[in-house]
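The values are calculated or read from the model by the stated rules, or taken from the named source; none is laboratory data. Computed from a predicted model, the values in this text were never measured in an experiment. Here the Cβ positions follow ideal geometry from the backbone for every residue, glycine too, while neighbour counts run over all protein chains shown. SASA here: full protein model, heavy atoms, side chains in, ligands and nucleic acids out. Shrake-Rupley method; radii C 1.70, N 1.55, O 1.52, S 1.80 Å.
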Amino acid sequence: QVQLVESGGGLVQAGGSLRFSCAASGCTFSRCTMGWFRQAPGKEREFVAAITWSVGSTYYADSVKGRFTISRDNAKNTVYLQMNSLKPEDTAIYYCAGDLYGSSPATPNAYDYWGQGTQVTVSS
């Protein structure tokens, strides 16, 4: 089982930065993948970024490439999402998620474990 505890997020002006942390216990399988997703009001949950726990391979949605960076600290069992150059359209609830088998990094349904979600609001 994977347990996830998120921290970070908040309110920021356009062009600003925020960083999320996700403490992840249980991501011990070699193919375990940690992802970040977001959901804006009235929209479906969408993929943001993912990282494989063992190798550190990263995946990004086109909308955040070059602005967001996902990373992990294996010693601290923590995944980070650094968000720079934030835009109003980045406003959403952000979720950390864990997939023990890394079957499809960009697909929400592939993930069995989810954090509590944290609001990010970017003002223009």
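Being closer than 24 Å to ASP99 by Cα and surrounded by fewer than 13 Cβ atoms within 10 Å (Cβ to Cβ) is the filter here, so list the residues in the stretch 1-24 that pass it.
GLN1 - this is the single residue of the stretch 1-24 that is closer than 24 Å to ASP99 by Cα and surrounded by fewer than 13 Cβ atoms within 10 Å (Cβ to Cβ).
If you go through the stretch 10-40 one residue at a time, how many are under 22 Å from ARG67 (Cα atoms) and touching a Leu at 6+ places or on another chain (Cβ under 6 Å)? Residues meeting the conditions: 5. The residue that is nearest to the chain's Cα centre (by Cα), counting only those in the stretch 70-102 that are surrounded by fewer than 16 Cβ atoms within 10 Å (Cβ to Cβ) and of a type in the set (Ser, Thr, Tyr), is SER71. Within the stretch 58-115, the set of residues being in contact with a strand residue (DSSP E or B) (Cβ under 8 Å, 6 or more places away or on another chain), assigned to a loop (DSSP other than H, G, I, E, B) and of a type in the set (Asp, Glu) comprises just one member, ASP112. Report yes if ARG38 is open to solvent by 70 Å² or more (accessible area, probe 1.4 Å) and in contact with a Phe, Trp or Tyr (Cβ under 7 Å, 6 or more places away or on another chain), otherwise no. Judged against the criteria, ARG38 is not a match.
The combined condition, being on the phi > 0 side of the Ramachandran plot, open to solvent by 10 Å² or more (accessible area, probe 1.4 Å) and touching a residue at least 60 places away in the same chain (Cβ under 8 Å), is not fulfilled by SER124. Candidates in the stretch 11-44 are the residues that are in a strand (DSSP E or B) and basic (Lys, Arg); of these, the one that is nearest to ASN74 (Cα to Cα) is ARG19. If a residue has to be out of contact with any Ser or Thr (no Cβ under 6 Å at 6 or more places or on another chain), hydroxyl-bearing (Ser, Thr, Tyr) and open to solvent by 40 Å² or more (accessible area, probe 1.4 Å) to count, how many in the stretch 105-121 make the cut? Total meeting the criteria: 2. When the criteria are applied in full, ARG38 meets the requirement of being of a type in the set (D, E, K, R) and within 15 Å of the chain's Cα centre (by Cα). Scanning the stretch 38-58 for any residue that is touching a helix residue (DSSP H, G or I) at 6+ places or on another chain (Cβ under 6 Å) and of a type outside the set (A, V, I, L, M, F, W, C) turns up at least one such residue.
Just checking, does the stretch 45-64 include any residue being at pLDDT below 90 and crowded, with 20+ Cβ neighbours inside 10 Å? Yes, the stretch 45-64 contains a residue that is at pLDDT below 90 and crowded, with 20+ Cβ neighbours inside 10 Å.
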